[in-house]
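Beneath this line is the structure, given in structure tokens, with notes to follow.
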Amino acid sequence: TPLLETDNVTYTYPNGPAALAGVSVRIEAGSKTAIVGPNGAGKSTLLLMLNGMLRPESGEIRFSGRPLAYDNRSLRELRRRVGFVFQNPDVQIIAPTVEADVAFGPVNLGHPPDAVRQAVHDALGYVGLRGYEKRPPHRLSGGEKKRVAIAGILAMEPSVLVFDEPTNTLDPASSEEVMELLDELASGGRTVLVSTHDVELAYRWADSIVLMEQGSVLARGPPEEIFSDH
Ligand code: ADP
Ligand code: ADP
């Protein structure tokens, strides 16, 4: 069974168009998947569904073959396993220091102080921000903030990492760094999903593509198949 699966999922925002009009996708464990499509295709809506931030109107989402449940306890567990990195790191960074921000997730999960310290240390090492512990995150560059946000998610040790437009607000050098980081995350056995309107990036990075437009899936498959005219 795929790690994550959506089955004919629909969603409409209040007073909005059908953001998802029956979307079925399968995300294999350990894969690097890119959800590709123009603005408004429904990419973010789909990703928000995968960690329970939005609930399908109809259809079903399964994690390890089990339908998602939406009681608080199940949602907490889902969000620990499926980490979500927002497009804009400013919405995710909340604490006065890098260290406190990255600690937020594990503290919230009720981990003891020693385990929190270790998780923060490991996560900051992973994203290359050791030595930044006491710095105020709002003073960092866009690329650094992004890495703080990623560290905060990593500190909760999710098996799936979801990135909404990971490079959208970054300069080319920071984008390259972030995509390399996503490669490392995937080669460490994690499942990594990104949404992007950048076909070039998807082609180079992903091993599996979901092509979306107007709330529907147009095609699914390996990049060389989906972008055969590349
Ligand atoms: P993408 O991530 O591919 O740009 P979204 O999932 O953000 O697409 O949006 C899908 C559709 O839902 C678009 O038509 C968008 O305008 C609409 N939409 C997204 N968020 C909201 C919202 N909070 N309220 C109303 N409509 C929304
Ligand atoms: P709930 O138990 O209602 O699911 P949580 O306690 O898990 O809520 O999280 C509360 C909010 O804080 C959520 O919107 C979540 O996305 C956000 N959040 C969780 N971890 C972090 C973090 N490390 N940094 C910033 N925001 C976070």
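Across segment 14-34, the qualifying residues are those that are at pLDDT 95 or above and near ligand 1 (Cβ under 8 Å from one of its atoms), and the one among them that is surrounded by the fewest Cβ atoms within 10 Å (Cβ to Cβ) is ALA19. Scan segment 128-179 for residues that are within 22 Å of THR191 (Cβ to Cβ), polar (S, T, N, Q) and away from ligand 1 (no atom under 16 Å from the Cβ) and the total you get is 2.
Close Cβ contacts (under 7 Å, 6 or more residues apart or on different chains) running from residues in segment 158-179 that are within 25 Å of LEU78 (Cα to Cα) to residues that are open to solvent by 70 Å² or more (accessible area, probe 1.4 Å) comprise PRO158/ARG81; SER159/ARG81; VAL160/ARG81.
Of the residues making up segment 49-79, those that are within 16 Å of ligand 2 (Cβ to nearest atom) and surrounded by fewer than 18 Cβ atoms within 10 Å (Cβ to Cβ) number 11. Listed by position, the strands (runs of 3 or more DSSP E) contained in segment 1-96 that have at least 2 residues being of a type in the set (D, E, K, R) are 4-12, 58-63. Among residues that are within 20 Å of the chain's Cα centre (by Cα) and closer than 30 Å to LEU140 by Cα, ALA103 is included.
Residues of segment 116-158 that are of a type in the set (D, E, K, R), surrounded by fewer than 20 Cβ atoms within 10 Å (Cβ to Cβ) and in contact with a helix residue (DSSP H, G or I) (Cβ under 7 Å, 6 or more places away or on another chain): ARG130, GLU133, LYS134, ARG135. Taken over segment 82-91, the criterion of being farther than 25 Å from ILE27 by Cα and either open to solvent by less than 60 Å² (accessible area, probe 1.4 Å) or within 16 Å of ligand 1 (Cβ to nearest atom) (or both) is satisfied by VAL91 alone. Just one of the listed residues (PRO38, PRO96) is within 16 Å of ligand 1 (Cβ to nearest atom), surrounded by fewer than 20 Cβ atoms within 10 Å (Cβ to Cβ) and over 22 Å from GLU184 (Cβ atoms), namely PRO38.
The values are calculated or read from the model by the stated rules, or taken from the named source; none is laboratory data. None of the values given here were measured: they were computed from a predicted structure. We place every Cβ from the backbone using ideal geometry, glycine too, and count neighbours over all the protein chains shown. Just so you know, the surface numbers come from the protein's heavy atoms only, side chains and all, with ligands and any DNA or RNA stripped out. Shrake-Rupley method; radii C 1.70, N 1.55, O 1.52, S 1.80 Å.
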